[in-house]
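The numbers here are math on the coordinates, done by the rules we state, and not lab data. Please read these numbers as outputs of a predicted model, since none were measured by experiment. For neighbour counting, all protein chains shown are included, and Cβ atoms are generated from backbone atoms with ideal geometry for every residue, glycine included.
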Amino acid sequence: MAVGLLSHTVSDLCLGKPALRSLPASATVGDALSALRGSGETCLSVWSCDHSSADAAAAAAAPEAEFGCRCVGKVCMVDVICYLCQDGRLSSPSSALKAPLAAILPNIPGLVIHVDPSSSLLEAVDLILQGAQNLVVPIVTRFTTKTRRKQHQKPSPTPTLHHGREFCWLTQEDVVRFLLNSIGVFSPIPTVSIDDLGIVSADILVADYDSPASSAVGAIARSLANQTSVAVIDGDGVLIGEISSFALASCDETAAAAIATLSCGDLLAYIDCGCPPEELVRTVKARLEERGLQATINEFAISRSNSNPSLSSDEECAVTPTSVLLRKLGRCNSRLFGYSSRLVRRSEAIVCNPKSSLVAVMIQAIAHRVNYVWVIEDDCSLIGIVTFYHMLEVLREHLENLA
């Protein structure tokens, strides 16, 4: 079983992956915003391509880098929101959106790396542990000598071709999910607690519940780069919720106005159930008017149409320091606070106990489509965080012993 796991290549992890939708590096921030709105994707790949001197037939058969076609990064709604929140850009959002896309691309080398489909699973894990977040892989549509099966990828609504080739990318989640399918190989490590494994990190990003959300913009940007989120805590260190890229990616650019005018606690309620409560929309509009940002109101069309009038004041304030005490090591029952079963709580943190086993935390993170799980005490006070990166470090060490 161990030999079988180690024999897998990157192409085996790409089965069923959709083709990337992309933006040219020459695009503007506004172009990225429009593409994100229309695509339904949480993030888009950014490519630098020069096809001027390449022969099409030769390019299709050669590595993409040789012909100047390369993925140079990725962009998501959180990048746009954080960009609009800074340096007074809310005074004229339309002007800010004319900036080149490079203004919001993370300036961190190695976040996105091209990988050959024949690269080994171990090589992919090593690249992630070296800092890569996305491994860009050409989609293979021929029969491979190893698997003898065709790689059927999900159709992309508007696939982007690079010299006649489509690409997908692998994430930390993809690799962890793949390893979870062979978790027995790592026995007995999966049953050991995360505390005993020493993978609970105290290096976390936090914001006070009552502090201005604008003070957390830097932390939000760093959490996106780290693939984590910002923990919102009260004065006693109790975890109330989180400001996550997942939650903000479900919003639109008007969330920048909410971050600029609300407290962290109010921001949790604003992003919690999709459409923000009417009372908070009125608050955002009033505070923008107080600051003379009428242009922002007009350009963002901030009005009651942005809100959810069905949420009462009591309902919209369900994310409170008191409510978190009812969440012992799991998710809070939203019905206790009058939420409709249709509504999704996007700002509620996924948590575990220090004595939770590694495999339990892996399953928990994958089930909720997050790269991390917060670690709390029985009284809900925040201890630290466990990430896919920490999990892969432990599993990689075991794989090295098997090799």
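Taking a Cβ cut-off of under 11 Å around Val375, the surrounding Lys, Arg, Asp and Glu residues balance to a net charge of -1, with basic ones at +1 and acidic ones at -1. For the pair Asp252 and Arg37 in one chain, pulling the backbone fully straight at 0.36 nm per residue adds 76.6 nm over the alpha carbon distance. Exceedance of the 28 Å cut-off in Cα-Cα distance is limited, within the set Lys98/Lys285; Lys17/Lys98; Lys74/Lys355, to Lys17/Lys98; Lys74/Lys355.
Please compute the net charge surrounding Asp210, taking Lys and Arg as +1 and Asp and Glu as -1 over other residues with Cβ under 11 Å from its Cβ.
Charge balance near Asp210 sits at -3.
The label point for Ser7 and the one for Ala286, both projected 7 Å from the Cα toward the Cβ, are 6.8 nm apart. Between beta-carbons, use under 15 Å as the cut-off and find the net charge around Thr28, counting Lys and Arg +1, Asp and Glu -1. Neighbourhood net charge equals 0.
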